[in-house]
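Take a look at the structure set out below.
The values are calculated or read from the model by the stated rules, or taken from the named source; none is laboratory data. Everything numeric in this text was worked out from a predicted model, so none of it was measured. Here Cβ is always computed from backbone atoms with ideal geometry, including for glycine, and neighbour counts include all displayed protein chains.
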Amino acid sequence: MQRRENDMKYLKQFFIIMFITFLGEVLRWLIPLPIPASIYGMVLLLTALCMKLVRLEAVRETAVFFIEIMPIMFIPASVGLMDSWGRLKGILLPLAVMIFVTTVAVMGVTGMVTQSVIRRGKGKHPAGIPLCTKGSAGKGKHHE
């Protein structure tokens, strides 16, 4: 009986995430901007979590599962790149430089924004949720 309840909990969490993803697809169709539907979906989920329309506990386990399997989702794209090697060979150096520079820039800006948010919020998440300490994700240990 316990396994059935767990299965239903995961199905419910999966349904919530997929419904919000569907709403992101609808917004992409309605709003003619060059923004991927997944971004609309993430913004909708963040908004729903911040406004407490969706509780974190209502999606946590399934979201963690999706994050854990995310590297597997890059395999098809990697195979596509390997298949396109002949066309990429001529622009490999400029492409590598561009990837390196943009990666460093994104890491730097992300770090500065994160530090700013933490300093401004004194260790609190903007929605009032305490930030987890290093290595304590999901274990209930938080900064006070």
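Report, by residue number, each residue of the range 13-44 that is assigned to a loop (DSSP other than H, G, I, E, B) and charged (D, E, K, R).
Pass one, the range 13-44, residues assigned to a loop (DSSP other than H, G, I, E, B): 31-36.
If the condition is that a residue be assigned to a loop (DSSP other than H, G, I, E, B) and charged (D, E, K, R), then no residue fits.
For T47, indicate whether it is at pLDDT 85 or above, within 26 Å of R28 (Cβ to Cβ), outside the structural domain of K9 (by TED's automatic domain parsing) and part of a helix (DSSP H, G or I). Considered against the rule, which asks whether it is at pLDDT 85 or above, within 26 Å of R28 (Cβ to Cβ), outside the structural domain of K9 (by TED's automatic domain parsing) and part of a helix (DSSP H, G or I), T47 comes out as no. Scanning the range 66-119 for residues being in a helix (DSSP H, G or I), without any contact (Cβ under 8 Å) to a residue 40 or more places away in the chain and under 30 Å from L11 (Cβ atoms) gives a total of 10. Of the numbered criteria (1) of a type outside the set (D, E, K, R); (2) surrounded by 10 or more Cβ atoms within 10 Å (Cβ to Cβ); (3) over 22 Å from K12 (Cα atoms), the one L30 fails is (2).
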